[in-house]
Amino acid sequence: MPVARGFDILRQASAAPLNGRPSPARMRLRAEALALVRTDALVDAAYSYRIVPLDAPAAPMLQLGGELLEAPWLLPTSGRLTALACGVCTLGPALERRVSELFAQRRVSLAMALDELGNELLFVISRRAQDRMQADAARRSLSVAGELRAGDPGLALDAQGAVLRLAWAETVGVRVHQGSLMHPLKSTSMVLGVGENLPTTTWSRCDSCQSGAKCGVRARARAVAAKAAVSTTGALRALADAA
């Protein structure tokens with residue numbers, strides 16, 4: 001089970017442009033938020049994941065690792081689903097504590113800027129973990145398709161506990177509390193389909209989100225992660241050629 005922690009993601013965030021034409025005040029708040037994260041060590045980036053084989057052929061209810069997941073969106077139209085990649089990413093608890101402190105001090109603008117930065121950093125960690133999952137699957141001559149998170153239309157929120165158990169989330173300090181809420185709050189889980197000759201998915205977990213087109217955090221994080229994806233693509237090709 002791969003586990004990674006302590007890696008630097010702030011350099012990527014520093015390079016990410018703000019959407020549109022940000023005001024000087026917004027740029028100042030973002031710079032202040034970045035400085036807080038650096039000087040006060042507010043981020044302990046970490047992720048863990050497992051590629052877990054299915055216990056039985058793919059069906060509406062997927063059986064794996066002693067768990068049951070209902071994730072019909074991951075059932076492919078062709079190829080064969082043989083496993084799920086279950087992962088969890090976290091920033092650790094320090095950033096969310098500082099956000100709460102800033103709100104208590106009525107420094108609302110800075111609190112919101114720091115919270116937004118945290119969401120962006122979490123997206124970047126998630127992208128890094130997914131790239132690692134894809135490389136891992138490629139080494140096994142398997143393909144990866146689809147991404148769901150508990151609470152998406154294709155995966156019920158109450159699946160959160162099972163996903164975290166399958167990802168061995170406790171190894172990076174992530175637990176699930178009442179209402180399927182993760183702690184630390186700045187954490188996210190994911191489930192990806194893994195198998196043989198899986199087709200490219202025509203859907204995205206963001207399709208049903210009404211804010212998707214205006215999501216500045218998503219756009220900035222993707223722009224930053226795209227640079228890393230170039231090198232990852234080369235690595236995946238090399239693995240495929242060697243297989």
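Measuring from label point to label point, each 7 Å out along Cα→Cβ, what is the S14 to E70 span in nm?
My value for the distance between the label points is 4.8 nm.
For the pair E32 and A4, what calculated FRET efficiency results from E = 1/(1 + (r/R0)^6), where r is the Cβ-Cβ distance and R0 = 35 Å, to the nearest 0.05?
0.80
Between T77 and M112, what is the label-point separation in nm under the 7 Å Cα-to-beta-carbon projection?
4.2
Report the label-to-label distance for D40 and E170 in nanometres (one decimal), using points 7 Å from each Cα along the Cα→Cβ vector.
Here the answer is 3.1 nm between the modelled labels.
Fewest Cβ neighbours within 10 Å first, please rank T201, T39 accordingly.
Final ranking by Cβ density, sparse to dense: T39, T201.
What FRET efficiency, computed as 1/(1 + (r/R0)^6) with R0 = 45 Å and r the Cβ-Cβ distance, is obtained for D158 and R21, rounded to the nearest 0.05?
0.60
Please identify the chymotrypsin sites (Phe, Trp or Tyr not before Pro) of the range 1-99 that satisfy two criteria: DSSP loop assignment and at most 13 other Cβ atoms within 10 Å. Which are they?
Hits after loop and neighbour filter: F7.
Every number here is computed from the coordinates shown, using simple stated rules; none is lab data. Everything numeric here is computed off the predicted structure, so don't read it as measured data. Here the Cβ is made from the backbone with ideal geometry for all residues, glycine too, and neighbour counts use every protein chain on show.
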